[in-house]
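Just so it is clear, none of the values below were taken in a lab; they were calculated from the coordinates. Not measured: the values here are computed from a predicted model. Every residue, glycine among them, receives a Cβ derived from its backbone with ideal geometry; neighbour counts consider all protein chains shown.
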Amino acid sequence: MTTDMWDAPVDDTTATATVGGPSVFEDERILAASVMARPDLIDELATEFDPADFQDDRYRWVWNAVDEIRQNLTDDEIRWQAVNRQLQAWRATGYLPIVPLALDQLFRLYDEARPSYSAAAWHAQQITKASVARRYLALGSDINLRGRSAGFDPETDIAAAQDALDSLARNDGASTPSLVGDLIGDALERATTPPTNENRIPTGFMDLDAMFSGGFAPGQLVVIAARPAIGKSTLGLGIARAAAIKHGIPTLFESLEMGDEEMTNSILAAEARIGLHHIKQGIVDDAGMARAARITPKIAEAPLYLNDCSTLSLQILRGRVRHMIRTVGLRLVIVDYLQLMQAPKAENRQAEVSKLTRGLKLMAKDFGITLIVLAQLNRGPEQRTDKKPMVSDLRESGAIEQDADMVILLHREDAYDKESARAGEADFIIGKHRGGPTGTVTTAAALHYASFLDMAAT
């Protein structure tokens, strides 16, 4: 008679769930024994160890059983009989997908336990390290397969591999709560130390900088939104110019709408105060060329990187940002514009945009950069008498508004009424500002110079 595999005894000296990476069989055995003798270790190790890192599933299920039993017990230890009963109960209901340790194996495990927190923490670290090594090896195999595939796409596949490698190096669950007493001193120092360009990115507008405590901060996702032809690309380039040309801050401008020629024309027009239409027609006069000659060296030296891209996904952008942070110290990224980006696949457009904006916010936070995305508004403003935009006019506004730290809405009355008394003015409406004031900043729209300017400067 053959023995059913479900009931077959398991030799605990040979069973390991996977192959590859450093062997931590003994570390897993000791850690499983330790939590039986000291169930409170599960709480103490909670921020350092994930039971999914067990290589041998049988020891992971011992951990799970102890975690389940301790919810209803106050004893200092959980004996092998109780663990066995819990495992067998799960097995009877089909919840347990493996053959667990037998009763005599659990007894030996319990009998050999000599736990201490420091030892348990060390063994947990070895198990975690081995788990990362196994995933690292698996990633190498995946990269090998991608590279040999006829459908290999250098941009997409390399970016995906870099993203996966980042996720191995970054343990999102490893953060440890801090006592407020350890943090309050830094808050007091910030209260008396004004921000500088080292920790803020100037916007190029005095009133905006005042509202934003000196400019944009690292880790922020900023959305600048407007209806078509209002000037959001011009504003985006203006912020890029202020950061890179005036303050030497490494900046990347990703354009899904303008080509390199159009972007450089606009930059030259704005910096040299030359009519943009004159540049396009090739009729700039001598005075304009003299101004261009004076400003060109400063533009050429600026750490401003322009990318005219036909498609842009989160993975590709993340790979490019990662590389530029390492090579040029990138601090500011501007994307023109959000709705043209390639969104992750989801059940509907709203879900796609939600994944996209969440990915952008995490990118800003993970890399410690400021990420500005330009976005298009729906037709809501055109249906109102005053034409002023609102945050709710954002296409798929729920997801965008939720993830953004700031939402700046661009409005020009003369875009709708050429005879407006406010012709030549533009409003930056701060519709959302996490942790700061909202309001409206009025600027001058010098669009013939591809610029918006402080009113005082005019």
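Considering Cα pairs under 8 angstrom that are at least six residues apart, work out the relative contact order of region 196-457 and quote it in whole percent.
Reported as a whole number, the value is 26 percent.
Mind listing the phi-derived Karplus ³J(HN,Hα) values for region 404-415, rounded to whole Hz, using 6.51, -1.76 and 1.60 with θ = phi - 60°, and x for any glycine or proline?
Once θ is set to phi - 60°, the couplings for region 404-415 become 6, 7, 9, 10, 10, 9, 9, 9, 10, 5, 6, 6 Hz.
Write down Rg/Rh for region 196-457, rounded to two decimals, with Rg from the C-alpha atoms and Rh from the Kirkwood relation over Cα pairs.
0.95
Cα centroids of region 294-348 and region 188-253: how far apart, whole angstrom?
Answer, in whole Å: 16.
Once you have the Cα-Cα distance between Asn144 and Met206, take 0.36 nm times their residue separation minus that, and quote the gain in nm to one decimal. Could you put the intermediate results ahead of the total?
Working: separation 62, 0.36 × 62 = 22.32 nm, distance 5.21 nm.
Gain on stretching Asn144 to Met206: 17.1 nm.
Using the Cα centre of the chain as origin and beta-carbon charges of +1 (Lys, Arg) and -1 (Asp, Glu), tell me which of Phe452, Pro389, Gly275 is placed farthest towards the positive end of the dipole.
Towards the positive end, the residue furthest out is Gly275.
Suppose each label sits 7 Å from its Cα in the direction of the beta carbon; what would the Asp163-Ala421 distance come out to in nanometres?
So the two model labels end up 5.2 nm from each other.
Of the beta bridges DSSP finds with both residues in region 196-457, what % are antiparallel, to the nearest 5?
In region 196-457, approximately 40 percent of DSSP beta bridges are antiparallel ones.
Among DSSP beta bridges lying fully in the chain, give the percent that are antiparallel, nearest 5.
40
Note down the magnitude of the dipole of the chain about its Cα centre, charges +1 on Lys and Arg C-beta and -1 on Asp and Glu C-beta and zero elsewhere, to the nearest 20 debye.
Details: 48 positive and 64 negative charges, 249 e Å.
Computed charge dipole of the chain: roughly 1200 debye.
Any idea what angle helix 80-93 forms with the longest principal axis of the chain, computed on alpha-carbon atoms, 0 to 90 degrees, nearest 10?
Computed tilt is about 70 degrees.
Describe numerically, in nm with one decimal, the distance between label points set 7 Å from Cα along Cα→Cβ at His323 and at His448.
4.2
For a footprinting-style exposure proxy, rank Leu165, Leu447, Leu235 by other Cβ within 10 Å, fewest first.
With the fewest neighbours first, Leu165, Leu447, Leu235 line up as Leu165, Leu447, Leu235.
Tally Lys and Arg at +1 and Asp and Glu at -1 over the other residues with C-beta under 11 Å from the C-beta of Trp61: what net charge comes out? Let's see the in-between values first.
On the way: positive: Arg58, Arg60, Arg91; negative: Asp56, Asp57, Asp67, Glu68.
Charge balance near Trp61 sits at -1.
Using the alpha-carbon atoms, what tilt in degrees (0 to 90, nearest 10) does helix 180-191 show relative to the longest principal axis of the chain?
Helix 180-191 sits at roughly 10 degrees to that axis.
Counting only C-alpha contacts under 8 Å and six or more residues apart, can you give the relative contact order of the chain as a whole percent?
Averaging sequence separation for qualifying contacts and normalising by length gives 15 percent for the chain.
Say each of Glu261 and Arg384 gets a label point 7 Å from the Cα, pointing the same way as Cα to Cβ; how far apart are those two points in nm?
Result: 3.9 nm between the two label points.
On a 0 to 90 degree scale, rounded to 10, what angle separates helix 25-37 from the longest Cα axis of the chain?
Computed tilt is about 80 degrees.
What does the charge count near Val391 come to, summing +1 for each Lys or Arg and -1 for each Asp or Glu among other residues with Cβ under 9 Å from its Cβ? All intermediate terms of the calculation are to be shown ahead of the outcome.
Details: positive: Lys432; negative: Asp393, Glu401.
Once all neighbours under 9 Å are counted, the net charge is -1.
From the phi of every residue in region 353-366, what ³J(HN,Hα) in whole Hz does the Karplus formula 6.51 cos²θ - 1.76 cosθ + 1.60 yield, where θ is phi - 60° and glycine or proline is x?
5, 4, 5, 5, 5, 5, x, 5, 5, 5, 4, 4, 6, 4
Using only the alpha carbons of the chain, what is the convex hull's orientation-averaged projected area in square nanometres?
Details: hull surface 125.5 nm².
Approximately 31.4 nm², given one-decimal rounding.
As I understand it, the dipole of the chain uses +1 on the Cβ of Lys and Arg and -1 on the Cβ of Asp and Glu, about the Cα centre. Which of Leu371, Thr264, Gly185 lies farthest toward its positive end?
Thr264
If neighbour count is taken as other Cβ atoms inside 10 Å, put Trp63, Trp90 in order from fewest to most. Please list the in-between numbers first.
Numbers: Trp63 22, Trp90 17.
Ascending Cβ contact count within 10 Å gives the list Trp90, Trp63.
Would you work out which of Leu87, Ser131, Tyr337 lies farthest towards the positive end of the dipole of the chain? Charges go on Cβ: Lys and Arg +1, Asp and Glu -1.
Tyr337
When the chain is fully extended, how far beyond the present Cα-Cα distance does Gln125 get from Asp414, taking 0.36 nm per residue of separation?
Here the answer is 97.7 nm.
Any idea what Rg and Dmax come out to for region 25-129 if you just take the C-alpha atoms, in Å?
Cα only, region 25-129: 12.5, 37 Å (Rg, Dmax).
Rounded to the nearest 0.05, what FRET efficiency do Ala52 and Ala89 have when you use their Cβ-Cβ distance and R0 = 30 Å?
With R0 = 30 Å, the Cβ-Cβ based efficiency is 0.85.
Fewest Cβ neighbours within 10 Å first, please rank Lys298, Lys365, Lys345 accordingly. Present the calculation step by step, with values, prior to reporting the outcome.
On the way: Lys298 11, Lys365 15, Lys345 8.
The most exposed by this proxy come first: Lys345, Lys298, Lys365.
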